[in-house]
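The values are calculated or read from the model by the stated rules, or taken from the named source; none is laboratory data. What you see is a predicted model, and the numbers here were worked out from it, not measured in a lab. All Cβ positions, glycine included, derive from the backbone under ideal geometry; neighbour counts span all protein chains shown.
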Amino acid sequence: MAAYIVRRLIWVFFLLFVVTLITFIVFNVLPAADPALLRAGRQPSPELVESIREQFGLDDPLIVQFFRYIGDILPFVGGDGFNFGFSYQSNQEVLPQILDRLPATIFLTTGAVILWLSIGIPIGMVSAVKTGSWLDRLTMGIALIAISAPVYFLGLVALFLFDDSIGRFPLLPGSGAYQDATTFFGKAAALIMPWCVLSAAFAAIYARFLRGNLIDTMQEDYIRTARAKGLSERRVIFRHGVRSAITPIVTLLGLDIGILLGGAILTETVFNIQGIGRFAYEAIVRFDLPVIQGTVLFGAFFIVIMSLIVDILYAFIDPRIRY
Amino acid sequence: MAAPLLEVEDLRVHFETEDGLVKAVDGISYTVDRGETLGIVGESGSGKSVSSLTVMGLTRARNARISGTVRFGGKELLGASDEDMRKVRGDDIAMIFQDPLSSLHPFYKVGNQIVEAIQSHRDVSKAQAYDRAVEMLGLVGIPEPRRRADSYPHEFSGGMRQRAMIAMALANDPKLLIADEPTTALDVTVQAQILELIERLQREFDTAVVVITHDLGVVAEMADEIAVMYAGRIVEQGPADTIFNAPEHPYTWGLLSSIPRMDAPRGDELVPIPGRPPSLIHLPGGCSFHPRCPFVRDAHRRVEPRLDPVDGNSRHKVACLLDSGTRKRLWEELQAGVKPGDARRDVIGIGRPDADQPSQDAGLDAPRR
Amino acid sequence: MRRSFQWSLIACALLALTLGVAACGGDDGGGDEPGTTQGTPAEGKQGGRLVSLWAGDVDHIDPGITYSDLGQQITRATQKTLYRPKVDDATVVEPDLAESDPEISEDGCRVTVKLKDGVRFSPPVDREVTSRDVKYAIERGFFNSVNSGYAGAYFGTLPGAKVGAEPGTKIPGIQTPDDLTVVFNMEPAEGEDRCPGGVLAGALVMPLSAPVPPEYAREFDAGNISTYGQNQVSTGPYMVENNESGEAIGYQAGRRIHLVRNPNWDETLDTRPAYLDEIDIQQGNDDATVMSRKILEGESMINGDQSPPPPILKQALTRQKEQLALVPSGGGRWVAMNTTIEPFDDVNVRKAVVAGFDREAMRLTRGGEVIGRIPTHFIPPGLLGFEEAGGMEGFGLDFMSAPGGDMELAAEYFQKAGYDNGKYEGTEELLMVGENEGVDARAAEVAAQQFEKLGFRVRLRQVTGDAMYTKYCNVPAAKVAICPNVGWLKDFADPQTFLDPTFNGDNIIPTNNSNWAQLDVPELNRQMNEAKLLTDTDERAEAWAEIDRRITELAPAVMWIWDNQANIRSENVVGVIDEDNGHWSFAHTSLG
């Protein structure tokens, strides 16, 4: 197991390197705005543009720029490391800005995960056990709608209905409330609508997925054995059925968490939560490469690490798996 | 004589499907006494597994229509409450299945799975149950049972897994053990060991055993009674000796001659039964076996045979429209090595009848009743 | 010593006020626009907290680097620049840090400014401002760690001023004979005998002239990228909230800018009333509809970088008129035709296009009538020279007279260009590059339709706004035939800042070119270069109006709107618009 983990970690580094490389290439090759010109403002003289290029190191060959960036990030390679550069847009350091926004994204993700698991798993189980009943049809129908509604649309609808400043039924803190809140509970209240909106589609997906999985699992031979042993139906469903059916969900969950930690862009935008997702989006619009690189790196890191965690967890869940 | 432990009377299990009514089990009856072994033999789709699962109350499909009687120890099982059936399963009646790898839960240790079986029927502590589990594992011939109990199913070999299943099934001293194809998934050498184990345990604990198999060879030694099923019905039933030595149903003859035998001369051809089992929705009219029977007569397409005792042996029942004398003569010919087509000609006369030809074989059939 | 251009304007204005005669140039801003609070800045109550909802962030928080109207909205609250346009009349400039008008020498080569005594920096610097602080402020614009976007343009003629200089480089051309006097000493260019002192003096309204303490700022300016912005000090009534060591904790990039009162600000040395106690700029309000509704239905809020979308505007016009303030932004938009690409090298084709174009349809994409006027020439209202160029009426050119498009007239011009059936007959596809989001995308699409109506075949490429500018329209080598939604905003109220970068052939540069039509008429260029050197207001107004006429006659672009800036406020906000900038003025607004 230890050797496996080490191998995977090496793989993580390699993947992050490739991701950084691709981001760098995409940014520099595809038609986009020139950051030096954007920074220079209107009608700049050639000397000014040149000075700005030098300031941000844009006049060096691309390879040099790329490896300088890598070198700045890594510790122990000259310099202090963990220097993710300065935003072209705001002249501020990238890493502190990302770390500053990370808690919001983590809070949003954590709450959403808890919410959608609490809803999706039970519904999935009930639907699987009572396949074909009206309850099953109803929940799966609602699930289909939840999956289909785009998050941004759902978010706006939620705001226009429930936002306490502009909504029809002013009930919940709305857009921008997360910024204003200072206490933990204030922030949590501000996240109620975003959690609901973000969880809706996921809960639906997980419910459907678990339902399908559980239905399949209940056809397995060992379920028949369990019943033949005279176990109570509850025990058969939970300890034998769900226990097996839920394992692929662990993989799914790990990846979903990894992706969300990279930033739930749409949710963060519509509710004005200053998380990494928004930050990345703004940087993309402004062609702010250092920030784009930083957020992409963080996003990729989370996904890859969650994937590793999930794989390790799997070994504990399923005894047939040995690394 | 004491009442039979298990009495099955006219059991029917039909499934309503979009394509029609599937008559998986269409009126079978048998009994099993304590300490006795019944072998139920048939091809896939004969209804042998479904009938046993129904006895256990494990036929749970919504579209299942079950009728008939299943009496266990005098108590009616069909129509008993779920809770009553749960108590019976794994305690009074136990079942083991064909593939022990897929039949054991991959995520739980074997010992714990046996403990589970024990604790759902006995009020004992986990430690006590665990001890019993280890004891049972030892009993079925697994070496180092305590260490083995701490392992996962995939860490066992095929034969050991089946032994473990048997240990689990017998942990609560069931009165009846149903073994559904217990050796099919195992190597030949291991097969013999498992069968021997079942026999031994049966003698020790006086358990009644029902062995379900497609392979007559499996039940040759073990069974006291044999029931041959075809297309949801029993076509021949009787003491094992009788069935092997004096079978009177063409299907049984087919089964017997398709068993490869070690003592047959090399070069002897296996004689398979031509054709395939029928659709259980659209059964052929008359005798279900008639499309494949080398000895079919015109009338057999229209008249259903009944399972009737043979003259001279009330325990031997056959469902065939040919009369017993004809059948005995046919068997003699087949035993002598005559091919079925030739045997037919010899005993019955001309070749197989056409649909148009008038029946020429009056007097050769058992009277219709 | 000659008075410079703005100062005669001030005299004019004072005269006008006392005699009630509007004798000077410059529109006093849409007095008849609905819902404005023009005229004397309104009185409100002291105190309170104003919230401004923005979508994005300021371009730079560093007052020496910021080069946008929003950045100026902040510096107009936090800094004392040498001069400042009057909040209700952009063409009139008053001294802020300066004590009086600048003295400009006859040849325009020497500009002298005297500073007020007793102005102090905010904590933690705390001391009095001296002339050396102004000198350093302008010098740092040239540092390669700062790279101000306009320092070179307006102050580059000073001896010793070089863009991309090492931090700490001094400019000998700026002298400080005593603590309260700054002297700008220019030298004429080759072959010239005059210097652009008038323009330099005009540029002293820009934030670059706000004083910066060198001993404090030096360490921040020393690195590769200056961090003075995150540690700035103020001289104005407000400051970015900071802690004891000077860190501007009130600035959270992309999230929030928090302005609080500057304890060291002396109101007797300032004309700004500064009613509010704090201003909270909250960013990230991307959805314009949600933002607008919050402001209109809420309390103590104003908008910032986003205008309300057209449906909200329409609604507000009927229901919440008072909460809406429409101000000429001092800029406009046009569809630029690349005069170096056929068939736009033919002036008759261009006139045909302008004549037939439905400019009202273009305007509709941004919200219709309220959002601005259909232009009759180029210089927008609010700038010097507007009246001289005919004001709203313009020069009476026939092809500019039908805002909805006159197809018959267009046909005539096409015939003059040689297309007998009155429409363009060429079959080549002309490249048009527009934006891909929001109302700007609509404008591009409408423009494409208009060209096709006139017989052209157009290939419309839509990209992000930044890409449109920096990779396509601003790059002559990209050979874009039509840029449908380019626009220009003045830097300050002088028409040179509007016409020179955009239509002077000498200003065509390979990247970041703003002369999108690539108009290059040598005689016209010369005319503009001469006009740049004029110092008398009236002369400048006349000269640039004449240039405006000539440009309009050449029809290099379809000018389709003189923008109004649409601003909204909550009901209880007594809002005052900064005419020069088109946005609310923090230092004049109060809560009712």
- Query: Of the conditions (1) under 26 Å from C:ALA493 (Cα atoms); (2) at pLDDT 90 or above; (3) small (Gly, Ala, Ser); (4) surrounded by fewer than 24 Cβ atoms within 10 Å (Cβ to Cβ), C:SER148 fails just one. Which one is it?
  - Reply: (4)
- Query: Does region A:65-80 include one or more residues that are more than 22 Å from A:ALA280 (Cβ to Cβ), in a helix (DSSP H, G or I) and of a type in the set (A, V, I, L, M, F, W, C)?
  - Reply: yes
- Message: Of all residues being surrounded by fewer than 22 Cβ atoms within 10 Å (Cβ to Cβ) and either of a type in the set (Val, Ile, Thr) or under 16 Å from A:LEU191 (Cβ atoms) (or both) in region A:168-178, which is farthest from the other protein chains (Cβ to nearest Cβ)? Just the residue, please.
- Response: A:LEU171
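Please indicate, with yes or no, whether at least one residue in region A:231-242 is of a type in the set (Ser, Thr, Tyr) and either touching a residue at least 24 places away in the same chain (Cβ under 8 Å) or not assigned by TED's automatic domain parsing to the domain that holds A:PHE302 (or both). First the steps, then the outcome.
First, pick out the residues of region A:231-242 that are of a type in the set (Ser, Thr, Tyr): A:232.
From what is left, the residues that are either touching a residue at least 24 places away in the same chain (Cβ under 8 Å) or not assigned by TED's automatic domain parsing to the domain that holds A:PHE302 (or both) are none.
Looking for residues that are of a type in the set (Ser, Thr, Tyr) and either touching a residue at least 24 places away in the same chain (Cβ under 8 Å) or not assigned by TED's automatic domain parsing to the domain that holds A:PHE302 (or both), one finds none in region A:231-242, hence no.
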- Item | Residue that is farthest from A:LEU115 (Cα to Cα) [pool: residues in region A:219-241 that are surrounded by fewer than 20 Cβ atoms within 10 Å (Cβ to Cβ) and facing chain B (nearest Cβ under 10 Å)] | A:ASP221
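Test of understanding: among C:ALA467, C:ALA477, C:ALA443, which residue is within 14 Å of chain A (Cβ to nearest Cβ), touching a residue at least 24 places away in the same chain (Cβ under 8 Å) and more than 30 Å from C:LEU204 (Cβ to Cβ)? Before the answer, list the steps.
Values: C:ALA467 fails: touching a residue at least 24 places away in the same chain (Cβ under 8 Å); C:ALA443 fails: within 14 Å of chain A (Cβ to nearest Cβ).
That would be C:ALA477, the only listed residue that is within 14 Å of chain A (Cβ to nearest Cβ), touching a residue at least 24 places away in the same chain (Cβ under 8 Å) and more than 30 Å from C:LEU204 (Cβ to Cβ).
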- Query: Tell me, which residue of region C:50-69 that is in contact (Cβ under 8 Å) with a residue 24 or more places away in the chain and charged (D, E, K, R) is farthest from C:TYR136 (Cα to Cα)?
  - Reply: C:ASP57
- Note on the structure: If we keep only residues of region A:42-85 that are out of contact with any helix residue (DSSP H, G or I) (no Cβ under 6 Å at 6 or more places or on another chain), crowded, with 21+ Cβ neighbours inside 10 Å and under 20 Å from C:GLN230 (Cβ atoms), then the residue farthest from the other protein chains (Cβ to nearest Cβ) is A:PHE56
- Task: Give just the number: which of (1) surrounded by fewer than 19 Cβ atoms within 10 Å (Cβ to Cβ); (2) in the same structural domain as B:ASP308 (by TED's automatic domain parsing) does B:TYR251 not satisfy?
- Result: (1)
- Item | Scan of region A:242-258 for residues that are touching a helix residue (DSSP H, G or I) at 6+ places or on another chain (Cβ under 7 Å) and either facing chain B (nearest Cβ under 10 Å) or acidic (Asp, Glu) (or both), ordered by number | A:SER244, A:THR247, A:ASP256
- So which pairs qualify, if the first residue must be in region C:201-230 and closer than 21 Å to C:THR130 by Cβ, the second must be charged (D, E, K, R) and surrounded by fewer than 19 Cβ atoms within 10 Å (Cβ to Cβ), the Cβ gap must be under 8 Å, and the two must be at least 6 apart or on different chains? C:PRO213/C:ARG127; C:PRO214/C:ARG132
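Just need a number here: residues in region C:178-219 that are at pLDDT below 90 and either within 26 Å of C:THR66 (Cβ to Cβ) or in contact with a helix residue (DSSP H, G or I) (Cβ under 9 Å, 6 or more places away or on another chain) (or both). Spell out the reasoning first.
Just the residues of region C:178-219 that are at pLDDT below 90, to begin with: C:187-203.
After this cut, where a residue has to be either within 26 Å of C:THR66 (Cβ to Cβ) or in contact with a helix residue (DSSP H, G or I) (Cβ under 9 Å, 6 or more places away or on another chain) (or both) as well, the list is C:196-203.
Summing the residues that are at pLDDT below 90 and either within 26 Å of C:THR66 (Cβ to Cβ) or in contact with a helix residue (DSSP H, G or I) (Cβ under 9 Å, 6 or more places away or on another chain) (or both) in region C:178-219 gives 8.
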- Message: Looking for something assigned to a helix (DSSP H, G or I) and under 18 Å from the mean Cα position of the chain (by Cα) - is there at least one such residue anywhere in region C:475-497?
- Response: yes
- Message: Checking the structure you have, find out if any residue of region C:122-135 is of a type outside the set (S, T, N, Q), away from chain A (no Cβ under 14 Å), surrounded by 24 or more Cβ atoms within 10 Å (Cβ to Cβ) and touching a strand residue (DSSP E or B) at 6+ places or on another chain (Cβ under 6 Å).
- Response: yes
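Residue-by-condition table, conditions (1) closer than 30 Å to C:ASN512 by Cβ; (2) touching a Leu at 6+ places or on another chain (Cβ under 8 Å):
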| position | (1), (2) |
| --- | --- |
| A:TRP11 | no, no |
| A:PHE24 | yes, yes |
| A:SER45 | yes, no |
| A:LEU48 | yes, no |
| A:PHE107 | no, yes |
| A:THR110 | no, no |
- Message: Out of C:GLY236, C:GLY284, C:GLY331, I need the residue that is of a type outside the set (Asp, Glu), in a loop (DSSP other than H, G, I, E, B) and within 14 Å of another protein chain (Cβ to nearest Cβ). Which one?
- Response: C:GLY284
- Item | Cross-chain or 6+ apart pairs with Cβ under 9 Å, region A:267-285 first and among the hydroxyl-bearing types (Ser, Thr, Tyr), then surrounded by 24 or more Cβ atoms within 10 Å (Cβ to Cβ) and assigned to a loop (DSSP other than H, G, I, E, B) | A:THR267/A:ILE273; A:THR267/A:GLY275; A:THR269/C:GLY284; A:TYR281/A:GLY263
- Check B:ALA223 against each of (1) under 24 Å from B:LEU195 (Cβ atoms); (2) out of contact with any helix residue (DSSP H, G or I) (no Cβ under 7 Å at 6 or more places or on another chain); (3) among the small types (Gly, Ala, Ser) and name the one condition it does not meet. (2)
- How many residues are over 23 Å from B:VAL8 (Cα atoms) and of a type outside the set (A, V, I, L, M, F, W, C) when one looks only at region B:164-198? 8
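Looking for whichever is more than 30 Å from B:GLY275 (Cβ to Cβ) and of a type in the set (A, V, I, L, M) here; the options are B:VAL32, B:VAL55. Which one fits?
When all the criteria are applied, what remains is B:VAL32.
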- From the options A:ILE121, A:ILE145, residue that is modelled with pLDDT of 90 or more, more than 14 Å from chain C (Cβ to nearest Cβ) and farther than 30 Å from C:ALA222 by Cβ: A:ILE121
- Message: Exactly one condition in (1) crowded, with 21+ Cβ neighbours inside 10 Å; (2) of a type in the set (S, T, N, Q); (3) away from chain A (no Cβ under 11 Å); (4) farther than 22 Å from A:ILE237 by Cβ is false for B:SER67; which is it?
- Response: (1)
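Residues A:LEU159, A:LEU138: which one is away from every other protein chain (no Cβ under 14 Å) and of a type in the set (A, V, I, L, M, F, W, C)?
Numbers: A:LEU159 fails: away from every other protein chain (no Cβ under 14 Å).
Among A:LEU159, A:LEU138, only A:LEU138 is away from every other protein chain (no Cβ under 14 Å) and of a type in the set (A, V, I, L, M, F, W, C).
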- Item | Qualifying residue in region C:375-386 (condition: polar (S, T, N, Q), crowded, with 18+ Cβ neighbours inside 10 Å and touching a residue at least 12 places away in the same chain (Cβ under 8 Å)) | yes
- Message: Only one of B:ASP92, B:ASP180, B:ASP99 is under 21 Å from the mean Cα position of the chain (by Cα) and at the interface with another protein chain (Cβ under 8 Å from one of its Cβ atoms). Can you tell me which?
- Response: B:ASP99
- Residue satisfying all of: in region B:272-319; outside any loop (DSSP other than H, G, I, E, B) and acidic (Asp, Glu); modelled with the lowest pLDDT among these: B:ASP298
